[in-house]
Structures are given as structure tokens and as C-alpha cells.
């Protein structure tokens, strides 16, 4: 799929030396894990917690924040 012009422009801005800033990708519910995957692939920051979504990547319900963080760390380590 070809990126939209706005997506291409955003990527140029992110990579421009004058615009080097911390970027945190953060999703809610169904977008938590796709955003974690994207953040890991692009070496960006992310965050997860029960306030964002209670499901793990396998759709099981997390017992707590520690389980969500462990799943996110596993995704980063797999990269």
C-alpha cells in the first residue's frame, strides 16, 4: 500500500535534524499492540497499562500491569 502524502511528509519531518524529538506511540484497546509493534520496529517509545487496554497480544486478559509490560518488552526484544 502506498503511503498517503501526509504520511510521507510526517516521516520527512520526523527524520529532519531540526525536528528530532521524542516520539511516544500510545494506543488504546485494539490499537495497543499494533502501536507497540510499530514503536519497536521504529525504535520509538511506547507505554502500556491497564488504563490503555486489558488484553494481551494473544487476546487473553492480563492479570495486571506487569503482564502487559512483560508482553511489550518481549515484543521489543524480538526485534
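The values are calculated or read from the model by the stated rules, or taken from the named source; none is laboratory data. Predicted, not measured: the structure shown is a model, and the values here were computed from it. Virtual Cβ from ideal backbone geometry, glycine too; neighbours counted across all protein chains shown.
Taking into account only those residues within the stretch 19-41 that are under 17 Å from residue 79 (Cα atoms) and touching a helix residue (DSSP H, G or I) at 6+ places or on another chain (Cβ under 7 Å), which is surrounded by the most Cβ atoms within 10 Å (Cβ to Cβ)? Residue satisfying both the conditions and the ranking: 36. Scanning the stretch 19-29 for residues that are touching a strand residue (DSSP E or B) at 6+ places or on another chain (Cβ under 9 Å), at pLDDT below 95 and either more than 18 Å from residue 68 (Cα to Cα) or part of a helix (DSSP H, G or I) (or both) gives 22, 23. Taking the stretch 42-73 as the range and being modelled with pLDDT of 95 or more, surrounded by 11 or more Cβ atoms within 10 Å (Cβ to Cβ) and assigned to a helix (DSSP H, G or I) as the test, the residues that pass are 65, 67, 68, 69, 70, 71, 72, 73.
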